[in-house]
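What follows is a set of notes on a single structure, which appears directly below.
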Amino acid sequence: CYQNSMLRIFHRKHLLLNLNKNLTTQLSQQPLAENQKVVSFDDNVKQRRDEANRSILVQVQSAHSFHELQSYCSSVGTVKKMMHYSTGVEPMHFIIVEFAKASDLQNIYTMSSYIEDTQVVPVQSSYLWFRAATKKLSKNKNKSIHKLNVENGNHILRDNELLQVLNSCADVNEQMVNLHNSTRLNEVGTRLRFLVAKQIEMAISGMFPNSAALPFGSSVNGFGKMGCDLDLVLRLNDESKVITDETRLVYHCKALSGSERSISQRHMEVIGDILQLFLPGCSQVRKILQARVPIIKYYQQLTDVECDLSMSNTSGYHMSDFLYIMGAMDHRVRPLIFTIRRWAATVGLTNSSPGRWITNFSLTLLVIGFLQNLPKPVLPSLNALVKLAGKNDKYITDDGINCTFLRDINVYLATNPIENTDSLKILLLQFFVYYSQFDFSSKAICLNESMAIAKPEHSALYIVNPLERGLNVSKNVSPEELEKFRLEVRNAAWLLESDETKDSNWGIIPLLTAKRILSMNNGNLPRTKLLEVSKLFEDDKDGPVYKNNDVKKQVQ
Ligand code: CTP
Ligand code: MG
């Protein structure tokens, strides 16, 4: 027990040290170097799926089983990478083993077997456990091949650890970059999510060898934090396997009967049952089939991932591509959105359960809308990307939604360099100021045109869905929640703008800790503070315009 707790203390120290080391290297790598290309969303997803197709997840006694497992797997195939993580209060330990070839995995499956127990369902999957050896092994045979890696690769930074990181920064910009680097979904978290997707594909591969369970949402759009949910869309026949002129033999298939929606609901019922009855680790399966987009919610306890599985939400995948592009356009976008998402969660504007509040997705669109609308924009409108779309960018979903826009942002950046050079602190302050003066009563946020447009109907907050323009992404937001948002952005602008001290509560720290002034004053900012904030603006007949230079002077 003593040994275990010493080991844990060692891991934690090691983790913080490593974190600081990583952050320093990442800081110096922020903007894209010249000639450095951004990997497209599709290529990124393809590479991750391929990695998952060559990987298994093995439960082990402890991180110290690393060498023994490595030596065992190396006798079957070529091990490319191994990563440890643990989950649970009484931690269960796992190692992700990535092989060089998919055929190595086939050998692993051939060599593995099932526990002799009539009480279990004998399912083959990439989730395995490593039995203790029956014969004594010569210890640490291959120790030199891989350095022992005992860090928990799935560790979510605690609030006090994050504060420590933020406090050690030189300025607000560094705080925002470090907040992003230390809380974003990391390598292990990403691999685990693709392994969860693969588990479903593998389970139905007999009937649907071309199925694809595609992750979308924050797990892949570049705005996901450690521990974020996994949104998945399951396609039974991935579109790349369609009939061509050369195809002569065609599969006999069952005809579908009933409405598309009712068929989809029936299929999801069955998939939900498969998850619940047959797949290791899948628990708490809930079928929400009456929703506009029917989903199955479940918890994958071996990977510690909450999942939302749908079968008809392909526009969500393209929306994630759009958000990924927006995040990859400029190195400031992701740290800015991470800071704003964290601030919104701290002050209670967002909530992990659905309701009348702003979602992380809506909030992300608000930030993008703001960055498009600056006098010197940081981001282009969606229409600008639509105009540049090539023939490989054409996508129309099964339900007719046009998702055509330029995917290769290197093409856009080559002719449209971003001229805005404001610091992250300035952008953050400008965001708060912009929305504290925004005319929500008559205007809607529209990312297609990079401008606020007249509100088509009377929802409190109207954000045009960029891919389905007739829909309001934030229809769920109540007038009270919008008012709270307006108060909180004012409060945040004031807090950030009046930051002069450098004690332990400086920079973005006050934005990310406790409920502050609003709760002290029952939701009302002190009048003097409101006046100070409103000095940052001037009114204009087209809506509030931010006095860019004034604020710049104050924050520099
Ligand atoms: N989505 C959409 N239209 C909506 C809501 C969601 O297209 N009205 C898509 C977006 O691509 C979004 C994804 O569905 O990113 C998943 O939605 P959600 O889980 O609510 O948001 P995330 O971006 O995943 O954020 P979170 O970390 O809160 O899960
Ligand atoms: Mg999500």
For the pair Tyr299 and Arg261, the simple spin-label estimate (label points 7 Å beyond Cα toward Cβ) gives in nm 3.1 nm
Sorted by chain and then number, the residues having a modelled amide H within less than 5 Å of the amide H of Trp129, at least 5 places away or on another chain, are Gln59
Answer in debye to the nearest 20: the dipole magnitude of region 215-313 about its Cα centre, from +1 Lys/Arg and -1 Asp/Glu charges placed on Cβ, is 280 debye
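In the structure shown, do any of Lys81/Lys394; Lys101/Lys394; Lys46/Lys297 have a Cα-Cα gap over 26 Å, and if so which? Could you put the intermediate results ahead of the total?
Values: Lys81/Lys394 36 Å; Lys101/Lys394 32 Å; Lys46/Lys297 24 Å.
Going by Cα-Cα distance, Lys81/Lys394; Lys101/Lys394 fall outside the 26 Å limit.
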Any residue on another chain or 5+ positions along whose placed amide H is under 5 Å from the amide H of Val233 is listed here as Leu214, Phe216, Ser310
Taking 0.36 nm per residue of separation between Asp117 and Asn505 and subtracting their Cα-Cα distance, the length gained on full extension comes to 134.0 nm
A 1.4 Å probe over the protein heavy atoms gives region 195-237 a carbon and sulfur accessible-area percentage of 53 percent
Residue separation between Asn237 and Ile274 times 0.36 nm, minus their alpha-carbon distance, gives in nm 11.5 nm
Counting only protein heavy atoms with a 1.4 Å probe and every protein chain in place, the carbon and sulfur fraction of the accessible surface of region 256-314 in whole percent equals 53 percent
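At 0.36 nm per residue, minus the direct Cα-Cα distance, what do Asn392 and His252 gain on full extension? Give it in nm, one decimal, please.
So the extension gain works out to 47.4 nm.
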For Lys443, other-chain or 5+-apart residues with amide H closer than 5 Å (H placed, Pro excluded) are Lys455
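The values are calculated or read from the model by the stated rules, or taken from the named source; none is laboratory data. On a predicted model such as this, the values are computed, not experimentally measured, just so you know. All Cβ positions, even for glycine, are placed from backbone atoms using ideal geometry, and neighbour counts span all protein chains on display. What goes into the accessible areas is simple: the full protein's heavy atoms, side chains included, and nothing from ligands, DNA or RNA. Shrake-Rupley method; radii C 1.70, N 1.55, O 1.52, S 1.80 Å.
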